[in-house]
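Every read-out reported here was derived from the displayed coordinates using simple, explicitly stated rules and does not represent laboratory data. Computed from a prediction, not measured in an experiment: that's the story for all the values here. Backbone-built Cβ (ideal geometry, glycine too); neighbour counts: all protein chains shown.
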Amino acid sequence: MRILFLDQSGKPGGAELCLIDIAKPYGDRALVGLFADGPFKDLLKQNHIPVEVLATQAIQVRKESSLVQGLKSLGQLAPLITKVVKKAREYDLIYANTQKALVVGALASFFSSRPLVYHLHDILSKEHFSQTNLRIAVNLANRFASLVIANSQASQTAFVQAGGRRNIIEVVYNGFDPKTYQTDESDINKLQQQLELEGKFVVGHFSRLAPWKGQHILIDALAKCPQEVTAILVGDALFGEQDYVQQLHQQVAELGLENRVKFLGFRSDIPQLIAACDLIAHTSTSPEPFGRVIVEAMLCGKPVVAAKAGGAIELVKHGLNGFLVTPGKPQELAQVIITCLQETEITATIANNARIIASERFDIAIINQQITQLLSHITSA
Ligand code: UDP
Ligand code: GLC
């Protein structure tokens, strides 16, 4: 089966990292068409996945765009759609991995008579999207997609609630290769030395810097914890959230936490960094569609505390394989951090449970089998 994957982003967000794992087994039978140049293209190349940047101009629609803004951008899209239609004729299936990819993919599917699959990495609710964008996504998926793959039950439920057809959507979780998360003790020690983390209780936060990812909640929680508790914030503002970055630095200064919070920017050594932490915090203030970092923490055998909403509830059972706290409540988060600091034995047992369960549940080999099977139904239909 030959697949044309489409993704709007040049930057490696969670949806893009997930796509790498899905496209990889197809080798030269796949092409990833991007609508923007950037480091994601390089990552695909490193993974030997054929990639081409199809758009020369950035597409101006944002998650909160109005109908008028959306219509204006359609003009810009015409050359891109023409290119995608031509490419699609060389493939058996179009696989749209993001919302703008869905818009282009839907039209390309129509003109090239190739089936369309939409991988839904978002919770299609008003909390995350404008009414216009919600309507466009649901209507295009309903009308043109043979299959929608939701990254969690939460994303599936929101799709159906927004008017999406129940009979076209299936849940497939993100897959991970457990081997990637087995780290070398000496690398971890080196990293701890470099970052001056030795002797401290380190809470790690791994996410792009964006208001709804809630890094500010962790900073507030830290101020309520003993001095030995420190935090590393790993990730960068990928989509222009510079004001938020400034706010975070200001918050750290106002709380006098300069010596207890480190901003590390975007990193590629995530498993090693996770392994250098004592606890991983996920703090999204809006429901997280899936939350790759939660599973990554589990695979590294590190305890994880997550915000109790969206896909995170499907990943974490409180007290069994992690901890859940009410989103947006620093006091509750601080309480869990202190429990993990004090109750080391029970916390280690929970982290070990999590590693065992996650290695089976999110094994990339099994996840990829599920996807191949779903796709084969479509191309043989
Ligand atoms: N990540 C990374 N480098 C960083 C910060 C994050 O590679 O500096 C990765 C992280 O390990 C995870 C992904 O980016 O795999 C983020 O995915 P997630 O589902 O947690 O959130 P998203 O940003 O996609 O909403
Ligand atoms: C999106 C979601 C995130 C999810 C990722 C992979 O980026 O925001 O929750 O983990 O896609 O499906």
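Semi-axes of region 144-251's equivalent ellipsoid from the Cα gyration tensor, sqrt of 5 times each eigenvalue, largest first, rounded to whole Å?
On the way: eigenvalues 257, 91, 32 Å².
Equivalent ellipsoid semi-axes, largest first: 36, 21, 13 Å.
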### Message
Please report, in whole Å³, the volume per residue of the convex hull around the C-alpha atoms of the chain.
### Response
129
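Please state the shape class of region 282-366: rounded when a/c is under 1.5, otherwise prolate if a/b exceeds b/c and oblate if not, all from the C-alpha gyration tensor.
oblate
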#### Entry: Shape category assigned to region 217-293 from the gyration tensor of Cα positions, a/c cut at 1.5
rounded
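Multiplying the sequence separation of L320 and R165 by 0.36 nm and subtracting their Cα-Cα distance, what value in nm do you get? Please report the intermediate quantities before stating the final value.
Working: separation 155, 0.36 × 155 = 55.80 nm, distance 3.43 nm.
Between L320 and R165, full extension yields an extra 52.4 nm.
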### Query
What 222 nm value per residue comes from the helices of the chain, counting each DSSP H run with n ≥ 4 as -39,500 (n - 2.57) and dividing by all residues, nearest 500 deg cm²/dmol?
-14000 deg cm²/dmol
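What is the local net charge at P39, summed over the other residues whose Cβ is closer than 11 Å to its Cβ (Lys, Arg +1; Asp, Glu -1)?
Working: positive: K11, K41, K45; negative: E16, D37, D42, D236.
Its environment carries a net charge of -1.
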### Query
How many angstrom separate the Cα center of region 324-355 from the Cα center of region 80-136?
40
